[in-house]
Amino acid sequence: MLSPVILAQVLLNGLSLSAVYILIALGFTLLFGIMRVVNFAHGSFAMLGGYALYYVYGKYHVPYAVAVPLAAAIGVLVRFALRQYYASPLYAAAPASITGSADERSDIRVRPRS
C-alpha cells in the first residue's frame with residue numbers, strides 16, 4: 001500500500017506533467033487557430049527547455065528556483081538565435097515565396113515560384 005507521502009508526490013508529479021502538456025497543447029492550438037500554420041518547432045522548443053532544465057538542475061546542481069527561469073532563458077536565446085541566423089535570411093531572400101509565419105526551419109512553408 002502507498003504511504004500518504006508517496007501518494008501525494010505521485011499526484012503532484014501527475015499534475016505538474018499534465019500542466020506542461022496543457023501548455024504545449026494550448027500553444028499549438030493558439031498558433032494554428034490564429035495563423036492556420038502548424039508550427040512543428042513548438043514541440044521541439046518545449047523539449048529543448050526540458051533538456052536545458054535537466055542539465056542546469058541535474059548536472060550543474062543549480063537550485064530549482066533559479067534553474068527554471070535559467071532554462072527558459074536558454075530556450076528563448078536559442079529560439080532568437082535560430083530566427084536571427086536561419087529564418088531572417090530566408091525572409092530577405094524570397095519574401096513572396098514564404099506563405100506562413102515562420103520562425104524556425106520546421107514550420108516554413110515554401111511554395112514553388114511560377
Legend entry - Of all residues in region 49-66 being part of a helix (DSSP H, G or I) and of a type in the set (F, W, Y), the one that is surrounded by the most Cβ atoms within 10 Å (Cβ to Cβ): Y57
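Of the residues A8, A71, A46, A81, only one is out of contact with any Phe, Trp or Tyr (no Cβ under 6 Å at 6 or more places or on another chain), surrounded by fewer than 11 Cβ atoms within 10 Å (Cβ to Cβ) and part of a helix (DSSP H, G or I); which?
Answer to the check: A81.
Answer yes or no as to whether V37 is outside any helix (DSSP H, G or I) and either free of Cβ contacts under 8 Å to residues at least 60 places away in the same chain or surrounded by 13 or more Cβ atoms within 10 Å (Cβ to Cβ) (or both).
yes
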Legend entry - Selection count, region 66-94, where residues are at pLDDT below 95 and more than 26 Å from F28 (Cβ to Cβ): 4
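The values are calculated or read from the model by the stated rules, or taken from the named source; none is laboratory data. Nothing here was measured: the structure is a model prediction, and the numbers come from that model. We place every Cβ from the backbone using ideal geometry, glycine too, and count neighbours over all the protein chains shown.
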